[in-house]
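The values are calculated or read from the model by the stated rules, or taken from the named source; none is laboratory data. Worth saying up front: this structure is predicted, and the values here are computed from it rather than measured. Here the Cβ positions follow ideal geometry from the backbone for every residue, glycine too, while neighbour counts run over all protein chains shown.
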């Protein structure tokens, strides 16, 4: 009872219990060798049972849950072991909630697989668990391809470091005279060295016209100690680098085949893509081997690459994590909250203790942050916004604030289908100046003065 004599809804009364939300709830403690399942005590003589991890065991578990009248299941997101039972239970028609293990920690004391699954079942019965976001199945397939591609890119990057290490051990300072050793000039020189060329001047003549340093400077950097063991390491690093790039190309081809199976929201032939905005002179590494921009435009109906800082690779990362249905995020605020890009206000005793963003492992949020970081020197409105925040709060907070704004712009385009219009590099700076001047005038009136604002050096008219 409250002080006014009314009962609070959803709050257990003294001597009572929590209201039951899910009568037919089960809890599963996921393991690498066996899964422990708990159902309501009145559904079976043994309400807690272990099941193996083989596919036949998972089907037996699903049939037992059906027999017990279970309709909804909660399980922890433990490694990758939850994926097979999650998918099989969904095929049987269960409502499956994947919950964060950090949010459902058991009470202190004895801990076992049996108590964990019973604790999950009890919390789910009272409706105290919220499931993690998981996109539609067709997007999960696309996400798997894209995450695998990201791993291949990372493996290829490791062998770039191996190439640089072998070159440095031979005292060849190619990385100091070229922007990237994996560019056209760098790879031509490295392949010639592996083929047996040792003359620095002849190697330097492989310089492409766009290279900043002259042939003489490059030749000087290529005077080194060509030891056989380091040449062998360089050769193997190049071969592995080429191998992983062939795997990336094969992954892109498979992903392109799958993208064609996703229903189109717009026809690029009848509604062609707008002209690609120039992103700068520096080429972007790890570009896709397919026309990814057109495919993303076709399945989403929006050209998100018009947003400054977001290229086709970044947009692909975001869409593969959030899916194609904006209805999953009812409001703009919920979207940025799920990304972890909004302030996480912690209030105790009426006092705000912290407003830092909460720590999350979110690939879509990281993609927005990377897009924000590329705007540091850009000549667009968002670039001006980034620089203004950086001047007051520093780079980390400027990246987060700009990523937050990018996410809101992305959501509005996602839900409305409108195009992005850049407002100019001075837009946010002018708005900030107008707000400051308006506050000064308002403060003067509160103190009983009428403020007249004019530029320095100009007299009163």
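If you filter the stretch 58-84 down to residues that are closer than 16 Å to residue 25 by Cβ and in a helix (DSSP H, G or I), you find that the one that is farthest from the chain's Cα centre (by Cα) is 67. When the stretch 434-460 is limited to residues that are more than 48 Å from the chain's Cα centre (by Cα) and surrounded by 10 or more Cβ atoms within 10 Å (Cβ to Cβ), the one that is modelled with the highest pLDDT turns out to be 449. For the stretch 152-185, name all the residues that are more than 19 Å from residue 244 (Cβ to Cβ), assigned to a helix (DSSP H, G or I) and free of Cβ contacts under 8 Å to residues at least 60 places away in the same chain. Answer for the stretch 152-185, where residues must be more than 19 Å from residue 244 (Cβ to Cβ), assigned to a helix (DSSP H, G or I) and free of Cβ contacts under 8 Å to residues at least 60 places away in the same chain: 168, 174, 175, 176, 177, 185. Quick check on this structure: which one of 201, 149, 143 is without any contact (Cβ under 8 Å) to a residue 40 or more places away in the chain and either outside the structural domain of residue 32 (by TED's automatic domain parsing) or in a loop (DSSP other than H, G, I, E, B) (or both)? Criteria check complete, one pass: 201.
Report, by residue number, each residue of the stretch 206-220 that is in a loop (DSSP other than H, G, I, E, B) and either in contact (Cβ under 8 Å) with a residue 60 or more places away in the chain or surrounded by 13 or more Cβ atoms within 10 Å (Cβ to Cβ) (or both).
Result: 206, 207, 211, 213.
When the test is whether a residue is assigned to a helix (DSSP H, G or I), in contact (Cβ under 8 Å) with a residue 12 or more places away in the chain and over 18 Å from residue 317 (Cα atoms), residue 384 passes it. With respect to residue 51, is the statement that it is in contact with a helix residue (DSSP H, G or I) (Cβ under 6 Å, 6 or more places away or on another chain) and surrounded by 14 or more Cβ atoms within 10 Å (Cβ to Cβ) true? The answer is yes for residue 51. Being in contact with a strand residue (DSSP E or B) (Cβ under 7 Å, 6 or more places away or on another chain), under 24 Å from residue 360 (Cα atoms) and surrounded by 14 or more Cβ atoms within 10 Å (Cβ to Cβ) narrows it down to one of 35, 124, so name that one. After applying the criteria, what remains is 124. Taking the listed residues 88, 114, the one that is assigned to a helix (DSSP H, G or I) and touching a residue at least 60 places away in the same chain (Cβ under 8 Å) is 114, with no other qualifying. For the stretch 61-77, filtering for residues that are in contact (Cβ under 8 Å) with a residue 40 or more places away in the chain and surrounded by fewer than 22 Cβ atoms within 10 Å (Cβ to Cβ) leaves 5. Scanning the stretch 407-417 turns up at least one residue that is farther than 30 Å from residue 103 by Cβ, within 29 Å of the chain's Cα centre (by Cα) and surrounded by 16 or more Cβ atoms within 10 Å (Cβ to Cβ).
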